[in-house]
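Following: one structure in structure tokens, then a few remarks.
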Amino acid sequence: MPEQDSNVEELMTSPVQTVSPEATMAQAARLLDENSIGSLIVGEGRIEGIITETDIVAAVGDTRDPSTPVSDLMSDPVVSIQRHETLRAAAERMGHNGVKKLPVVEDGSAVGIVTTTDLALHLPDYEVKMAHQAEPDIVDGEFE
């Protein structure tokens with residue numbers, strides 16, 4: 001199990017799924033579903049952007065046409081990290097930039113990706129224990 005000061009490379013998922021900027025929102029949604037993932041790197045070589053499930057849900061909510069190109073929905077510039085950086089650096093970069101997906105780059109190309117879920121599952125010092133039911137002394141959602 002990777003530790004906090006392990007390199008990002010030890011935890012990243014690789015290879016990453018990519019999509020062309022000209023691909024449609026519908027095509028991107030199918031790729032996300034077929035691969036059971038939450039994001040796609042836009043650009044087959046250099047990273048041009050990133051599109052997430054959240055981006056697609058927001059576009060559907062805005063009644064965007066399914067043929068809308070990914071380039072109209074993607075986030076750009078992309079917050080990224082290099083494979084030799086630490087997991088702590090990855091967590092801090094995500095937190096400071098408000099992102100949940102962090103592409104791992106080498107020479108401008110994505111070689112992997114680390115997500116907040118990856119970090120939550122592999123950094124025991126940051127693990128949050130959830131109760132199966134509320135404690136008996138909690139009244140109206142408050143506790144002392």
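The values are calculated or read from the model by the stated rules, or taken from the named source; none is laboratory data. Everything quoted here is computed from the prediction, not taken from an experiment. Cβ placement follows ideal geometry from the backbone for every residue including glycine, while neighbour counts extend to all protein chains displayed.
Could you run through the range 1-10 and say how many residues are loosely packed, with under 15 Cβ neighbours inside 10 Å and touching a strand residue (DSSP E or B) at 6+ places or on another chain (Cβ under 6 Å)? Going through the range 1-10 one residue at a time, the tally reaches 1.
For first residues located in the range 63-88 and over 21 Å from residue 13 (Cα atoms), partners that are of a type in the set (Val, Ile, Thr) and at pLDDT 95 or above and lie 6+ apart or on another chain with Cβ distances below 6 Å form the pairs 67/24; 70/19; 70/42; 70/51; 73/51.
So which of 88, 46 ends up being under 17 Å from the mean Cα position of the chain (by Cα), of a type outside the set (S, T, N, Q), surrounded by fewer than 19 Cβ atoms within 10 Å (Cβ to Cβ) and at negative phi? Spell out how you get there, then give the answer.
Working: 46 fails: under 17 Å from the mean Cα position of the chain (by Cα).
Going through 88, 46 in turn, just one is under 17 Å from the mean Cα position of the chain (by Cα), of a type outside the set (S, T, N, Q), surrounded by fewer than 19 Cβ atoms within 10 Å (Cβ to Cβ) and at negative phi: 88.
Scanning the range 11-43 for residues that are β-branched (Val, Ile, Thr), buried (at least 19 other Cβ atoms within 10 Å of the Cβ) and in contact (Cβ under 8 Å) with a residue 60 or more places away in the chain returns 16, 41. Taken over the range 1-31, residues that are more than 13 Å from residue 113 (Cβ to Cβ) and of a type in the set (A, V, I, L, M) amount to 8. Do you know which of the residues in the range 92-109 that are in contact (Cβ under 8 Å) with a residue 60 or more places away in the chain and out of contact with any Lys or Arg (no Cβ under 9 Å at 6 or more places or on another chain) is surrounded by the fewest Cβ atoms within 10 Å (Cβ to Cβ)? Filtering first and then ranking leaves 100. Counted as qualifying within the range 2-115 are the helices (runs of 4 or more DSSP H) with 2 or more residues that are at pLDDT 95 or above, namely 25-35, 53-61. Applying the condition of being over 14 Å from the mean Cα position of the chain (by Cα) and polar (S, T, N, Q) to the range 49-85 and asking which residue is surrounded by the fewest Cβ atoms within 10 Å (Cβ to Cβ) yields 63.
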